[in-house]
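Engineer: Structure incoming, see below.
Just so you know, all these numbers are worked out from the coordinates, no wet-lab data involved. For clarity, every value in this text was computed on a predicted model and none was experimentally measured. Cβ placement follows ideal geometry from the backbone for every residue including glycine, while neighbour counts extend to all protein chains displayed.
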């Protein structure tokens with residue numbers, strides 16, 4: 001009973017407990033059709049558990065999940081018919097050729113021989129796999145393995161594809177190419193649910209949610225998140241301080257009154273500072289401490305800033321919320 | 001719409017490709033059993049013959065030499081050395097050069113002449129119980145025989161009771177006839193359990209199993225698709241072993257080869273289910289290997305393959321009923337050596353079938369609980 005509305009995934013108050021441990025705690029979000037939904041969070045925060053719940057592998061302790069118009073609790077089998085899934089290790093059979101891997105997954109989804117042939121041709125065309133068609137998967141480079149894995153996940157023409165850390169361990173060029181491919185497919189109406197650690201990838205998503213210790217603590221477009229009041233407290237702004245010796249600059253920055261938080265980003269320090277602290281005054285402070293600063297300029301928060309801020313806020317909230325915990 | 005075997009064809013297709021690609025593994029898993037057959041078929045003889053024996057013949061006259069000839073002719077003893085004192089007699093045994101020492105006292109012939117009981121000392125190294133047992137039996141029998149002949153010769157009477165033993169199966173007591181049918185059970189278990197366990201654990205290691213669970217493949221389709229190619233391999237191996245047994249080791253097959261083939265199905269089924277059970281527990285191929293060895297040992301020691309089950313302590317005797325190889329060894333020995341038929345063996349086949357089904361159910365459960373939902 002596919003719904004006519006525009007929703008690909010509805011998750012409402014998802015809870016999953018393992019014994020006393022609550023891995024997923026009241027998680028809700030909605031993914032619209034055609035979105036590239038970035039599901040972000042540190043390792044062990046519950047990303048994979050949520051995927052397992054949405055794909056019907058893990059029963060929900062409570063809550064409601066609807067994927068492609070199908071109630072996951074009622075009919076997990078149909079959910080699996082209608083989605084594609086690609087895990088972080090690409091899940092290919094290295095001793096099978098590209099053709100054989102595709103054939104296997106196609107048959108798993110019950111494609112009849114004619115259909116299978118047509119779909120394999122399409123995928124090979126789309127993913128540029130033709131030159132490697134008869135090659136063993138083991139002989140492909142990381143990027144090509146991943147394209148093959150993606151191909152295997154979309155043979156049955158699913159409208160929703162889960163990608164669990166699809167770019168872990170592959171080179172930047174291949175990463176870029178994969179994202180280009182995802183945009184292309186998304187343009188054809190396919191919805192992607194992507195987990196990743198890379199913030200530059202998060203910036204490319206049309207919708208992101210951030211999960212931390214089993215709770216979703218941010219949900220919206222990247223621009224929405226950048227404007228969150230928690231991230232931009234009133235009376236503050238963000239600056240980027242470029243310096244030849246970044247660690248030195250960071251040490252000094254932390255001693256300057258009016259600087260609220262600091263993080264190193266490559267060759268610069270990102271700092272959240274009070275409005276009354278102007279840039280010239282800041283330069284003086286550094287000069288007085290004998291630290292060379294190349295440039296200081298205002299900056300919009302990046303998604304990484306957003307998540308670092310949200311994470312540290314939640315950490316301190318949790319510390320306040322549970323002071324009676326004896327010896328954690 | 002819900003086909004419980006969904007994905008069977010696809011998995012079967014893929015699994016046969018794996019087997020073809022990994023030809024080396026297949027080759028070795030088939031060739032090693034044949035090597036083991038050669039070792040056991042040619043290398044082991046359980047009949048105890050030609051035990052090294054040291055003799056101290058203090059008497060030295062005709063009667064004493066006749067006694068020694070009788071012992072030699074039994075084929076059980078081989079006189080390795082003659083010594084002239086008790087010390088050397090002991091030393092020969094302690095040093096391990098001889099298992100048995102025979103001392104004929106200086107007055108042996110005299111006592112016989114005067115119709116008095118003559119004593120012969122037989123020292124036996126008890127460190128190998130089967131050798132010691134054989135030495136005791138044969139020396140006692142030779143002594144009795146010797147005494148009887150002398151008593152009968154003096155009285156002119158004849159034997160009152162004469163035992164005429166006739167060995168029905170394997171009349172020459174050939175070791176290959178005894179060992180090889182049993183070995184079939186052990187080897188078959190070996191190959192099929194290992195191969196299935198490995199094929200599943202390998203997918204766990206690579207993460208492909210995780211992928212399969214997110215597809216519409218149903219557990220039964222997955223497991224059967226994986227089992228069937230290895231069932232074929234197990235069957236092929238059985239044919240190979242039986243052919244080698246018949247034509248290389250000249251073990252006569254008294255029963256029906258087709259019945260043997262048919263009754264091997266439930267046994268192979270058990271082995272494969274065991275492989276799946278192992279793979280639900282094991283996290284790596286090395287781990288699977290250890291667990292698989294754990295199943296091999298009881299099949300060797302508690303199945304009657306080497307040691308007769310009837311002489312086992314009660315606990316192990318009961319345990320042997322839970323070892324699948326016990327039933328299959330009864331089937332192979334039954335068909336090959338005794339010419340047994342379906343009427344004699346159907347209970348064994350039933351036991352195996354029940355075991356296999358139970359194991360498969362437990363394995364499928366464990367698979368669902370431990371592997372999928374964690």
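Engineer: What does the structure give for B:215-223 when I average, per residue, the other chain Cβ atoms found within 10 Å of the residue Cβ? Don't skip to the end; give the middle numbers.
Structural biologist: Details: counts 12, 11, 3, 1, 0, 0, 1, 1, 0.
Mean partner-chain Cβ count within 10 Å for B:215-223: 3.
Engineer: If R₀ is 51 angstrom, what is the calculated FRET efficiency for the pair residue B:287 and residue B:94, using the beta carbon separation as r and rounding to 0.05? Don't skip to the end; give the middle numbers.
Structural biologist: On the way: r = 46 Å, r/R0 = 0.91.
Efficiency, rounded to the nearest 0.05: 0.65.
Engineer: Another question about this same structure. In which sequence would A:304, A:165 go, from the one with the fewest C-beta neighbours within 10 Å to the one with the most? Could you put the intermediate results ahead of the total?
Structural biologist: Details: A:304 16, A:165 19.
Fewest to most other Cβ atoms nearby, the residues stand as A:304, A:165.
Engineer: Can you give me the P(r) profile for segment A:157-241? Cα pairs, bins 5 angstrom wide beginning at 0, each as a whole percent.
Structural biologist: Histogramming segment A:157-241 at 5 Å steps yields 3, 11, 19, 22, 18, 13, 8, 4, 1, 0, 0 percent.
Engineer: Okay, next question. Only Cα pairs within less than 10 Å get springs; with that Gaussian network setup on chain A, which residue of A:57, A:279, A:225 has the largest fluctuation?
Structural biologist: Of A:57, A:279, A:225, the most mobile in the Gaussian network model is A:279.
Engineer: With each label point set 7 Å from Cα along the Cα-Cβ vector, what nm distance links residue A:297 and residue A:184?
Structural biologist: 3.4
Engineer: Still on this structure, please answer the following. Would you calculate, for the protein assembly as shown, the mean residue ellipticity at 222 nm contributed by helices, counting each DSSP H stretch of 4 or more residues as -39,500 (n - 2.57) and dividing by all residues, to the nearest 500?
Structural biologist: So the helix-based figure for the protein assembly as shown works out to -16500 deg cm²/dmol.
Engineer: Now for a separate question. Can you tell me what the convex hull of the Cα atoms of segment A:88-151 projects to on average, as an area in nm²? Can you show the working numbers first?
Structural biologist: Values: hull surface 15.7 nm².
Mean projected area of the Cα convex hull: 3.9 nm².
Engineer: Output the antiparallel fraction of DSSP beta bridges having both residues in segment A:73-193, as a percent to the nearest 5.
Structural biologist: 10
Engineer: Also: For residue B:353 and residue B:34, compute 0.36 nm times the residue count separating them, minus their Cα-Cα distance, and round to one decimal in nm. Mind showing how you got there, number by number?
Structural biologist: On the way: separation 319, 0.36 × 319 = 114.84 nm, distance 2.69 nm.
Here the answer is 112.2 nm.
Engineer: Kindly state, to the nearest 0.05, the FRET efficiency for residue B:240 paired with residue A:115, given R0 = 35 Å and r defined as their beta-carbon distance. Please list the in-between numbers first.
Structural biologist: On the way: r = 41 Å, r/R0 = 1.17.
FRET efficiency, residue B:240 to residue A:115: 0.30.
Engineer: Taking the Cα atoms only, what angle lies between the long axis of helix B:8-21 and the longest principal axis of chain B, rounded to 10 degrees?
Structural biologist: The two axes meet at around 60 degrees.
Engineer: Please determine, in degrees from 0 to 90 and to the nearest 10, the orientation of helix A:279-288 with respect to the longest principal axis defined by the Cα atoms of chain A, where the helix direction is its Cα long axis.
Structural biologist: 70
Engineer: Is the C-alpha gyration tensor of segment B:50-177 telling us rounded, prolate or oblate? Criteria: a/c under 1.5 is rounded; beyond that, a/b larger than b/c is prolate, otherwise oblate.
Structural biologist: Values: a/c = 2.47, a/b = 1.02, b/c = 2.42.
It comes out oblate by the Cα gyration axes.
Engineer: Could I ask something else about it? Rank A:317, A:203, A:77 by mean-square fluctuation in a GNM of chain A with C-alpha springs under 10 angstrom and give only the top-ranked residue.
Structural biologist: Judging by the Gaussian network model, the answer is A:317.
Engineer: Can you give me the distance in nm between label points at residue A:6 and residue B:82, each placed 7 Å from the Cα along the Cα-to-Cβ direction?
Structural biologist: Output for this residue pair reads 11.4 nm.
Engineer: Can you work out the FRET efficiency for the pair residue A:276 and residue A:304, with r the C-beta to C-beta distance and R0 = 25 Å, to the nearest 0.05?
Structural biologist: Values: r = 26 Å, r/R0 = 1.05.
It comes to 0.45.
Engineer: A further question follows. What number, in percent, do you get for the relative contact order of segment A:112-186 if the mean sequence gap of Cα pairs under 8 Å and at least 6 apart is divided by its residue count?
Structural biologist: This gives 32 percent for segment A:112-186.
Engineer: Treating the angle as unsigned and between 0 and 90°, give the value, to the nearest 10°, between the Cα long axis of helix A:172-187 and the longest Cα principal axis of chain A.
Structural biologist: Orientation of helix A:172-187: about 60 degrees from the principal axis.
Engineer: Sticking with this one: Determine the shielding of peptide B:204-214 by partner chains: average, over its residues, the number of Cβ atoms on other chains within 10 angstrom of each Cβ.
Structural biologist: On the way: counts 0, 1, 6, 6, 7, 1, 9, 14, 4, 6, 16.
That average works out to 6.
Engineer: Under 19 Å from the 7 Å Cα→Cβ point of residue B:137, by amide nitrogen: which residues of segment B:163-184?
Structural biologist: B:163-179
Engineer: Further question on the same structure: Which of B:65, B:174, B:202 ends up with the largest GNM mean-square fluctuation for chain B, with Cα atoms connected below 10 Å?
Structural biologist: Sorting by GNM fluctuation, first place goes to B:65.
Engineer: At 7 Å along the Cα-to-beta-carbon direction for both residue A:260 and residue B:157, put a label point, then send me their distance in nm to one decimal.
Structural biologist: Reported label-point gap for residue A:260 and residue B:157 is 12.1 nm.
Engineer: Please work out how much length the chain gains when fully extended from residue A:20 to residue A:77, using 0.36 nm per residue of separation minus the C-alpha to C-alpha distance, in nm with one decimal.
Structural biologist: Numbers: separation 57, 0.36 × 57 = 20.52 nm, distance 2.85 nm.
In short, 17.7 nm is gained.
Engineer: Rounded to the nearest 5, what is the percent of antiparallel bridges among the DSSP beta bridges in the protein assembly as shown? Please list the in-between numbers first.
Structural biologist: Working: 42 of 70 bridges.
Counting DSSP beta bridges with both partners in the protein assembly as shown, the antiparallel share is about 60 percent.
Engineer: Considering only DSSP beta bridges with both partners in segment B:51-155, what is the antiparallel share in %, to the nearest 5? Show your work: numbers first, answer last.
Structural biologist: Details: 4 of 14 bridges.
In segment B:51-155, DSSP labels about 30 percent of beta bridges as antiparallel.
Engineer: Something else now. Based on the alpha-carbon gyration tensor of segment A:7-221 and its eigenvalue square roots a ≥ b ≥ c, which shape applies: rounded if a/c is under 1.5, prolate if not and a/b is larger than b/c, or oblate? Mind showing how you got there, number by number?
Structural biologist: Details: a/c = 1.85, a/b = 1.51, b/c = 1.23.
Judged from the Cα gyration tensor, segment A:7-221 comes out prolate (a/c at least 1.5, a/b above b/c).
Engineer: Looking only at segment B:86-110, which residues have a backbone nitrogen under 17 Å from a spot 7 Å from the Cα of residue B:150 in the C-beta direction?
Structural biologist: B:103-110, by backbone N distance to the label point.
Engineer: Which whole number gives the average, over all residues in A:47-56, of C-beta atoms from other chains lying within 10 Å of the residue C-beta? Could you put the intermediate results ahead of the total?
Structural biologist: Details: counts 0, 1, 0, 0, 1, 6, 0, 0, 3, 2.
Across the residues of A:47-56, the mean count of other-chain Cβ atoms within 10 Å is 1.
Engineer: Share of Cα-Cα pairs in segment A:233-300 beyond 15 Å, in percent? Mind showing how you got there, number by number?
Structural biologist: Values: 947 of 2278 pairs.
Counting pairs separated by more than 15 Å, the tail of P(r) holds 42 percent.
Engineer: Kirkwood hydrodynamic radius for segment B:270-374: how many Å is it when counted over pairs of different Cα atoms? Mind dumping the intermediate values first?
Structural biologist: Numbers: mean 1/r = 0.0662 Å⁻¹.
Value: 15.1 Å, from the Cα pair sum.
Engineer: For chain B, restrict the atom set to alpha-carbon positions and state the Rg and Dmax in Å.
Structural biologist: Cα-based Rg and Dmax for chain B come out at 28.5, 99 Å.
Engineer: Further question on the same structure: For residue B:69 and residue B:366, compute 0.36 nm times the residue count separating them, minus their Cα-Cα distance, and round to one decimal in nm. Don't skip to the answer; put the middle values down first.
Structural biologist: Values: separation 297, 0.36 × 297 = 106.92 nm, distance 6.68 nm.
Result for the pair: 100.2 nm of gain on full extension.
Engineer: With a ≥ b ≥ c the root eigenvalues of the C-alpha gyration tensor of the protein assembly as shown, is it rounded (a/c under 1.5), prolate (a/b larger than b/c) or oblate? Show your work: numbers first, answer last.
Structural biologist: Details: a/c = 3.64, a/b = 2.41, b/c = 1.51.
Taking the square roots of the gyration eigenvalues as a ≥ b ≥ c, the protein assembly as shown is prolate.
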